[in-house]
Amino acid sequence: MFAGLTRNDKLLFIGFTIAALAMPLLAWPVGANYPDLLQKFAIYGIFAIGFNILFGLTGYLSFGHAAFLGVGSYAAVWMFKGVTMNVIPAVIFGVMVSGMFAALIGFISLRRSGIYFSILTLAFAQMSYNLAYSVLTPITNGETGLQLSQDDARIIDRLFVEQGAGLPSTNLFGLEMSGYPGFYFCCVLLIIAFFISLRIQRSPFGMMLRAIKTNQVRMNYTGFNTRPYALTAFIISGMYAGLAGSLLAVTDPLAGAERMQWTASGEVVLMTILGGAGTLIGPILGAGLIKYFENIFSSYNDGLLSESFSFLPDFLNDTLVFIIGPFVGEGWSLLLGIVFMAIVIFLPGGLMEGLTRIHGWYRRRGGGDTRAADAASSRQAAE
Amino acid sequence: MTTSDDRKTGGLTRRGVLKAGTALGAGAVITPSFFVRNAWAEEFRNNPGNASSVKFGFNVPQTGAYADEGADELRAYKLAVKHINGEGDGGMLNTMKPLALKGDGVLGKKVEYVTGDTQTKSDAARASAKRMIEKDGVIMYSGGSSSGVAIAQQSLAQEMGVIFMNGLTHSNDTTGKDKRRYGFRHFFNAYMSGAALGPVLKETMGTDRRAYHLTADYTWGWTQEESIKNTTEALGWQTVNAVKTPLGAGDFSQYITPVLNSGADVLILNHYGKDMINSLTQAVQFGLRDKQVNGKDFQIVVPLYSRLMAQGAGENIKGIYGTTNWNWSLSDAGSQAFVKSFGQEYGFPPSQAAHTCYVQTILYADACARAGTFYPPEVIMALEGFEFDGMGNGKTLYRAEDHQCFKDVLVVRGNENPSSQFDLLEVVQEVPASQVTYDPGIFGGELGPYKV
């Protein structure tokens, strides 16, 4: 399984696995250690990893990736409604359907590159979104969202289990997929997704994708047909999004069309750029940061703020609340915008560049092994 | 002690799963205190135990098409918490009958609250609600303005075992086919709007009309269109066409132009919030109201009205009929007490959204006080079939069969000569509760179990 990976890669993978599994502990100091947000970290981490394969590695900026997320969700919920509440078939079905959808859209969109590709994907995503609201309402249940109901078919479940009084919940062979079990299920898939992405980046296929990003025209002149490679990357990326979408349905069996809106597509672009496009870890960090902002800062209100500054004298407290107030609560996106601008201006390589810089600075200060620092930074650059 | 057998899946109970979760997280999780409580104390989620306070969650739209309503709802929630804690002038606590609250919080515990933004999206609303339940440990959450969002949150309430008090939601489905044991609605619904509006429409517009519907394309719009259609067709009206429009469309001109040549003489706008403001304004700008069709004056009806919308639509609402759950101009003691304390706090009168949210918070707190516990099944039973008065709508019943409140409904008209910037709706008729009551069986749906 680890054949062909360097020692650094193995360490990276092991470190990532430990960090992912210990996420509840790591998120504790910032008040993010509750199951729903942890699930979101893992799920959007998967989404961002997949997006990064297309954007960071291959250099195609898709502006419609949320469509695959939505399709994955709908497919998974339909599996819950029609067949079984077990999550395995739902996840597989969700990934397959969005993979096929990605093949279709990719086949058309990849005839163009650059901005034209971005606009094409944006158009397709917006079309899916509007279709979900209009002609496809029998499948998507429109604005209300696709939900479970008492009289769903659930063919397989009905064979084995008596229908309960309430709605059944999603489960992994009996283990309910809400709360922490749900998080660990997503977390394991995140680790697998990360591993696959690592293998892709280190493979000849990954080299090919990187070459497409660097200079596609030259690739074509040397006799390579790049489109099958780009299409494969697009489909893999779409399947990652489908996996994330079906996991959203697993942890909360409800699918709404707003998951396909262009803002959702833009969000994953933000995540990737914030974290560091093209790096392995960066997109996951970016996803975590954005979800954290969305869930935690939007909940702050003036009362909570003045409580947290209550150690200050009243005058200072009021001033601080007055200054910070507009940036939290309903203004959380304002704060996100500022952070995003700051990162793009000062750390064009995203959070990962920040980490690399801190790392380098620490090494120089410590006067330690500069060779190792160089190696680390060159590895970073290679990613 | 209350492990429910009815939701067993493969021999696992929620308690078992919680324990498994703890085991899985062991070493990784620095177990938060609510977790410990859940596992060993009387088993229900977010049991306050011996804590000196309880938390309510207020989940309202702070952005999007219903943001105005959301802001007003939040004001009302804050006021309700104040009154429950015995601060301020007490508002409706002075007029509510019967009343078990003593003005010292609930069961001796001070009420605190957390807020969240639903963004008028089911996804975001559920994420925000889950944060409140899992992180902040709320004992009850509430909010509203979109029925789709309300229904999504209500089914989450059932899954989580935390009571959800619906704020403004008008769809029949909320207490119809999507009703839940853990969800309660004080607001009226589309069926009641239809039943109340029917006789007034007959009186003012006659029995020979051709109606054209523009409908917000989600659960609320669908059920309101259906209810109004049933009412008007029973009067003898014809329905020319019913067109669905996306929520938050902004520009409705492409939907309004076809109305001009459709032969319809009444336009029924099943829109709410900013959507209604936009569609009504555009309809008026297109000159619909000055038209004569089939020898009659063209009319516009907005079945669900609110003062906030009237404020947004300005001049255009004059003379337009609709229904509303409550209006600040009502003269009963409960309404007056509420308008007074809301006015003192914020400097303007409350909207119907604010009213229903305020009442819901008080009703929940009062139910806990009557039940003597926060244990949800007991609180639910205290609310079911509860009859009360002095909350602004006269005698009101919380029907046990579908958790819907039955009370008087107001038919209103846009005021031709407003005496102030808030005096926008003129109450045409107070339709008694008996006239809008229906059989709970007609919409189907299942409440589900008490224990989850």
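The values are calculated or read from the model by the stated rules, or taken from the named source; none is laboratory data. Note that the structure is a prediction, hence the values are computed from the model and not measured. Here Cβ is always computed from backbone atoms with ideal geometry, including for glycine, and neighbour counts include all displayed protein chains. The protein model used for the area step is the full one, side chains on, heavy atoms only, and it has no ligands, DNA or RNA in it. Shrake-Rupley method; radii C 1.70, N 1.55, O 1.52, S 1.80 Å.
Quick check: net charge around B:T174, other residues with Cβ under 11 Å of its Cβ, Lys/Arg +1 and Asp/Glu -1?
Neighbourhood net charge equals +1.
Please give, to one decimal in nm, the separation of the simple spin-label points placed at B:E315 and B:K291, each 7 Å out from Cα toward the Cβ.
2.0 nm
Sort all Cα-Cα distances of the stretch A:118-265 into consecutive 5 angstrom bins from zero, then give the percent of pairs in each bin up to the one containing the longest distance.
Distribution as computed: 2, 7, 12, 14, 14, 15, 13, 10, 6, 4, 2, 1, 0, 0 percent.
Counting only heavy atoms of protein chains, what accessible area per residue, in Å², does chain A have with a probe of 1.4 Å? Kindly include the intermediate steps, with their values, before the conclusion.
Values: 16630 Å² over 383 residues.
Accessible area per residue: 43 Å².
Measuring from the lowest to the highest alpha carbon on each principal axis, how far does the stretch B:367-444 reach, largest first, in angstroms?
Sorted largest first, the three principal extents are 50, 31, 18 Å.
Rg to Rh ratio, the stretch A:58-154, alpha-carbon atoms and Kirkwood radius? Numbers along the way, then the final one.
Working: Rg = 14.9 Å, Rh = 14.3 Å.
For the stretch A:58-154, the value is 1.04.
Could you compute how much accessible surface A:E267 exposes when probed at 1.4 Å, giving the result in Å² to the nearest 10?
Accessible area of A:E267: about 40 Å².
Just to be sure I understand: if you take the accessible area of chain A alone plus chain B alone and subtract the pair, with a 1.4 Å probe, what total do you get in Å², rounded to 100? Let's see the in-between values first.
Details: alone 18640 and 16660 Å², together 31270 Å².
Its buried surface, counting both partners, is about 4000 Å².
Using the structure shown, list the pairs from B:K78/B:K340; A:K40/A:K213; B:K179/B:K229; B:K78/B:K130 with a Cα-Cα distance above 25 Å, or answer none.
From the list (B:K78/B:K340; A:K40/A:K213; B:K179/B:K229; B:K78/B:K130), the Cα-Cα distance tops 25 Å for A:K40/A:K213.
Report D for chain A in µm² per second (integer): Stokes-Einstein, Kirkwood Rh on Cα pairs, 10 °C, 1.306 mPa s.
Result for D is 72 µm²/s.
Using the Karplus equation 6.51 cos²θ - 1.76 cosθ + 1.60 (θ = phi - 60°), what ³J(HN,Hα) coupling, rounded to whole Hz, does each residue of the stretch B:87-101 give in order, writing x for Gly and Pro?
These are the phi-based 3J(HN,Hα) values: 9, x, 8, x, x, 6, 4, 7, 10, 5, 9, x, 9, 10, 6 Hz.
So, with +1 on the Cβ of K and R and -1 on the Cβ of D and E, and no other charges, what is the size of the charge dipole of the stretch B:191-324 about its Cα centre, to the nearest 20 debye?
With Lys and Arg at +1 and Asp and Glu at -1, about 140 debye.
How many Cβ atoms of partner chains, on average, are near each residue of A:338-351 if near means within 10 Å of its Cβ?
If you average over the peptide's residues, the count of other-chain Cβ atoms is 0.
Rounded, prolate or oblate: pick one for the stretch B:215-254, where a ≥ b ≥ c are the square roots of the eigenvalues of its C-alpha gyration tensor, a/c under 1.5 means rounded, and failing that, prolate if a/b is larger than b/c, else oblate. If you can, show how the numbers build up before the last one.
Values: a/c = 3.90, a/b = 1.79, b/c = 2.18.
Oblate.
I'd like to check one number: the per residue accessible area of chain B, probe 1.4 Å, reported in Å² as a whole number. Present the calculation step by step, with values, prior to reporting the outcome.
Numbers: 14650 Å² over 452 residues.
On a per-residue basis, 32 Å².
Accessible area of B:S227, 1.4 Å probe, to the nearest 10 Å²?
Ignoring ligands and nucleic acids, B:S227 comes out at about 10 Å².
Take the alpha-carbon positions of the protein assembly as shown, form their convex hull, and give its projected area averaged over all directions (one quarter of the hull surface) in nm².
37.6 nm²
Using modelled backbone amide H atoms (1.01 Å from N, in-plane), which distant-in-sequence or interchain residues come within less than 5 Å of B:T239's amide H?
Counting only residues 5 or more places away or on other chains, the set is B:A211.
Using the Cα gyration tensor of the stretch A:1-102, with a ≥ b ≥ c the square roots of its eigenvalues, what is the shape: rounded (a/c below 1.5), prolate (a/b larger than b/c) or oblate (neither)? Don't jump to the answer; show the numbers that get you there.
Working: a/c = 1.71, a/b = 1.26, b/c = 1.36.
It is oblate, given that a/c is not under 1.5 and a/b is not larger than b/c.
Can you pull the mean other chain C-beta count within 10 Å for peptide A:29-37? Kindly include the intermediate steps, with their values, before the conclusion.
Numbers: counts 1, 0, 2, 2, 7, 11, 6, 10, 5.
Going residue by residue through A:29-37 and averaging, the value is 5.
Report the Stokes-Einstein translational diffusion coefficient (µm² s⁻¹, integer) for the stretch B:191-324, Rh taken as the Kirkwood radius over Cα pairs, at 4 °C with viscosity 1.567 mPa s.
Translational diffusion coefficient: 90 µm²/s.
Quantify how strongly other chains surround peptide B:147-159 by giving the mean number of their Cβ atoms within 10 Å of each of its Cβ atoms.
3
Cβ neighbours within 10 Å, averaged per peptide: list B:182-194, A:305-317, A:63-75 in order, most packed at the top.
The peptides rank, most packed first, as A:63-75, B:182-194, A:305-317.
Sort the following peptides by mean Cβ neighbour count (other Cβ atoms within 10 Å, averaged over residues), highest first: B:326-336, A:279-289, B:275-285, B:147-157.
The packing order, highest mean first, is B:147-157, A:279-289, B:275-285, B:326-336.
Could you look at the protein assembly as shown and say what percent of its accessible area is carbon and sulfur, using a 1.4 Å probe and all protein chains?
For the protein assembly as shown, the apolar C and S fraction of the accessible surface comes to 60 percent.
In vacuum, with every alpha carbon of chain B counted as one equal point scatterer, what does the Debye formula give for log10 I(q)/I(0) at q = 0.07, 0.10 Å⁻¹? Two decimals, please.
The calculated log intensity ratios at q = 0.07, 0.10 Å⁻¹ are -0.35, -0.69.
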